[in-house]
Amino acid sequence: MAGRCGDIEHMRHPGKIPTDALIAEDPRLVIDRLDQSRQAPRPGRKPASQAELRIGILLWPGFPLLSLAGLCDGLRHAADLGDQSRQNRCSWAILGKPGESVTASCGVRVPVDLPLSAPVDYDYVAVIGGLLPQITSVDPALVNFLREVARAQVPLIGICTGSFVLARFDLLNGHAPCIHPFHVDDWESMHPSLAFETRSHYAIGSNRITCAGGISIVELAAELVRVHCGADRAAKVVHQMTVTAERTASHMARGHAFGYETSDHDKLRQAIVLMEKNITTPLEIAVIAKLVKSSSRQLERVFLAETGTSPSEYYRNSRLKYARYLLTTTDLPIVTIAGESGFSDASHFIRHFQQLYGMAPGRLRKALSGATPAV
């Protein structure tokens, strides 16, 4: 993937997130609204290989099921509209020998999805480590694949004791991994000369990312989604996977996912969710204000303060971002994309698209694909 190293280098470290930008909202009402959004499958989708974020997953024996579930659920919420869970904007798969399965520490067996393939088929390869005594109890083909991934400079992610796996096979590449406090003694015993950290939920280095495991994987999933798919997708991950309304330091910095720092305004978050789930048939701003129990004037002030744009401009830009996604990942005609993005006519859509992206949609499609633009 072009710019892969840059993507990692420009991720913000979790330690830099303001501690006051934490989740304060009970998300149940928000999740209910998202669950009620059922839209028909859109035509013209290209294969999942065209996803913006592609992760291959290797499971080590005795891996924690929560780490796998947190990663996959984060990706699936970002990958599609509503709760349809199709692998459109994100794709993921368990790699290994088809027909085999790996047993989690809780006893659940997870089957392999796809055989080991070219490392460049993925933007990241994640290793979810298992019980420490079983680190070397794997098919050597998995270790060889990890080494191929490293040679291809595809970023490796070590999740939970996946950091131990990378260290065991000399694949940390100088990265100081994020280790769960429970495993500090194990790390110091097994790798006494290697630095580590325990202060944050994940650590990002050059072509290496490590995560302590547990619920921290949701934070990392949201960050990867933010970098590759945008703040709106990351916000959806946080909305869907946040399970408490308590304001504690153990929960995710929602403002980071949204892309703005002060994230305490519940009505703003609710308004953004309503916009996201009503792309094709946009709501009037007055209706959104009423649904979030605000006034149009109050909502205007909040949007200007938090995002620097009016509610109408934010909504329109979100629809244009979705249009750009359809434009670059489907073969739909531009007039159809205009309708799918909530614009009443193609000329209105083209004018606003050119204002935001600096070129007409047909020209952008032609530049990216080398094909004659659809009209």
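Observations on the structure shown:
- Scanning the range 300-322 for residues that are farther than 23 Å from Val273 by Cα and either in contact with a strand residue (DSSP E or B) (Cβ under 6 Å, 6 or more places away or on another chain) or touching a residue at least 40 places away in the same chain (Cβ under 8 Å) (or both) turns up nothing.
- The residue of the range 202-227 that is farthest from Leu68 (Cα to Cα), among those that are out of contact with any helix residue (DSSP H, G or I) (no Cβ under 6 Å at 6 or more places or on another chain) and surrounded by fewer than 22 Cβ atoms within 10 Å (Cβ to Cβ), is Ser206.
- Listing of strands (runs of 3 or more DSSP E) fully contained in the range 91-176 that carry 2 or more residues being touching a helix residue (DSSP H, G or I) at 6+ places or on another chain (Cβ under 7 Å) and of a type in the set (A, V, I, L, M, F, W, C): 124-128, 156-159
- Here Asn88 clears all of (1) more than 16 Å from Val127 (Cβ to Cβ); (2) modelled with pLDDT of 95 or more except the condition numbered (2).
- Only one entry of Leu171, Leu142 meets the criterion of being in contact (Cβ under 8 Å) with a residue 12 or more places away in the chain, under 23 Å from Gly214 (Cα atoms) and touching a strand residue (DSSP E or B) at 6+ places or on another chain (Cβ under 9 Å), and that entry is Leu171.
- Yes/no for Ala286 being free of Cβ contacts under 8 Å to residues at least 12 places away in the same chain and either out of contact with any helix residue (DSSP H, G or I) (no Cβ under 8 Å at 6 or more places or on another chain) or part of a helix (DSSP H, G or I) (or both): yes
- Considering the range 178-201, and only residues there that are touching a strand residue (DSSP E or B) at 6+ places or on another chain (Cβ under 8 Å) and not in a loop (DSSP other than H, G, I, E, B), the residue that is surrounded by the most Cβ atoms within 10 Å (Cβ to Cβ) turns out to be Cys178.
- Taken over the range 289-299, the residue count meeting the criterion of being aliphatic (A, V, I, L, M) and in contact (Cβ under 8 Å) with a residue 24 or more places away in the chain is 2.
- Scanning the range 202-221 for residues that are part of a loop (DSSP other than H, G, I, E, B) and hydroxyl-bearing (Ser, Thr, Tyr) yields a count of 1.
- Every condition in (1) under 12 Å from the mean Cα position of the chain (by Cα); (2) on the phi > 0 side of the Ramachandran plot is met by Asp170 except one, and the failing one is (1).
- Qualifying residues in the range 158-168 (those that are among the aliphatic types (A, V, I, L, M) and in contact (Cβ under 8 Å) with a residue 60 or more places away in the chain) - the one surrounded by the fewest Cβ atoms within 10 Å (Cβ to Cβ): Val165
- Among the residues making up the range 84-141, those that are closer than 22 Å to Glu52 by Cβ and among the charged types (D, E, K, R) are Arg86, Arg89, Asp113, Asp121, Asp123.
The values are calculated or read from the model by the stated rules, or taken from the named source; none is laboratory data. Please read these numbers as outputs of a predicted model, since none were measured by experiment. Cβ: placed from backbone, ideal geometry, glycine included. Neighbour counts: every protein chain shown.
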